[in-house]
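Student: Below you'll find the structure I mean.
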Amino acid sequence: MDDKEREQFKGMFTVNVIYLNILIFAIALAVALGIIAPNTWEPKWPIVIGSIIVAVVTLILFIRKYRSTKAWLAIHGTTREERMAQIRAEKEAERARIRAELEAELREEIEEEMRQEEKNA
């Protein structure tokens, strides 16, 4: 991972941390007010419900951002040399597959020609 990619990752990671902190504080506020605040206190339930809504929205945003960051890291988390080696290995595997298919086709053609020669002889 080069410096530019490292900075991108830091930014994505920071956003994930902020979402997670908001989520934790919203849940803590809802639980604390639900348990500690007296029922006679007027703004108790609107704040609890608002905190739960904030927690759910933040959870959805966090999951989306986490998945996209994880996918980005799967691509960019390796060094350039590792990515190039992986690409080379994939190309070599594809070439080997094609080579095996061509050899099988050639073998079939040779066998067919030999059968034709045996018939004609």
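What follows is calculated from the coordinates using simple rules that are stated; it is not laboratory data. What you are looking at is a predicted structure, and each value in this text was computed from that prediction instead of being measured. Quick reminder, even Gly has a Cβ in these numbers, built from the backbone with ideal geometry, and neighbours come from all protein chains shown.
Student: I need the GluC sites (Glu not before Pro) found in the range 61-117, filtered to DSSP loop residues with at most 16 other beta carbons within 10 Å of theirs.
Tutor: Listed in order of number, the matching sites amount to none.
Student: Next up: Quick one: of Lys44/Lys70; Lys4/Lys91; Lys10/Lys44, which pairs are farther than 30 Å apart, Cα to Cα?
Tutor: Among Lys44/Lys70; Lys4/Lys91; Lys10/Lys44, the Cα-Cα distance tops 30 Å for Lys44/Lys70; Lys10/Lys44.
Student: Next question, about the same structure. Quick one: net charge around Glu94, please, counting Lys, Arg +1 and Asp, Glu -1 for every other residue with C-beta under 13 Å from its C-beta.
Tutor: Its environment carries a net charge of +2.
Student: In the neighborhood of Glu105, defined by Cβ-to-Cβ distances under 15 Å, what is the net charge if each Lys or Arg adds +1 and each Asp or Glu adds -1?
Tutor: -4
Student: Given contacts defined as C-alpha pairs under 8 Å and at least six residues apart, what's the relative contact order of the range 1-66, whole-number percent?
Tutor: 43 percent
Student: Next question. So, counting K/R as plus one and D/E as minus one, what does the shell of residues with Cβ under 12 Å around Glu81 add up to?
Tutor: +1
Student: Select one label from (1) 224; (2) 154; (3) 103: the one whose number is volume of the Cα convex hull per residue in Å³ as derived from the coordinates shown.
Tutor: Given (1) 224; (2) 154; (3) 103, the calculated one carries the label (2).
Student: Based on the Cβ-Cβ distance of Arg95 and Trp72, what FRET efficiency does E = 1/(1 + (r/R0)^6) give at R0 = 35 Å, to the nearest 0.05?
Tutor: In this case the efficiency is close to 0.75.
Student: So what's the angle, to the nearest 10 degrees on a 0 to 90 scale, between helix 80-120 and the longest Cα principal axis of the chain?
Tutor: 30 degrees
Student: Which value in deg cm²/dmol, rounded to the nearest 500, describes the helix-derived mean residue ellipticity at 222 nm for the chain, given -39,500 (n - 2.57) per DSSP H run of n ≥ 4 and division by the residue count?
Tutor: -32500 deg cm²/dmol
Student: Let me ask something else about it. Only four residue types carry charge here, +1 at the Cβ of Lys and Arg and -1 at the Cβ of Asp and Glu. Report the dipole size of the chain about the Cα centre in Debye, rounded to the nearest 20.
Tutor: 1300 debye
Student: In degrees between 0 and 90, to the nearest 10, how far off the longest principal axis of the chain does helix 3-36 point, with axes built from Cα atoms?
Tutor: Once rounded, one gets 40 degrees.
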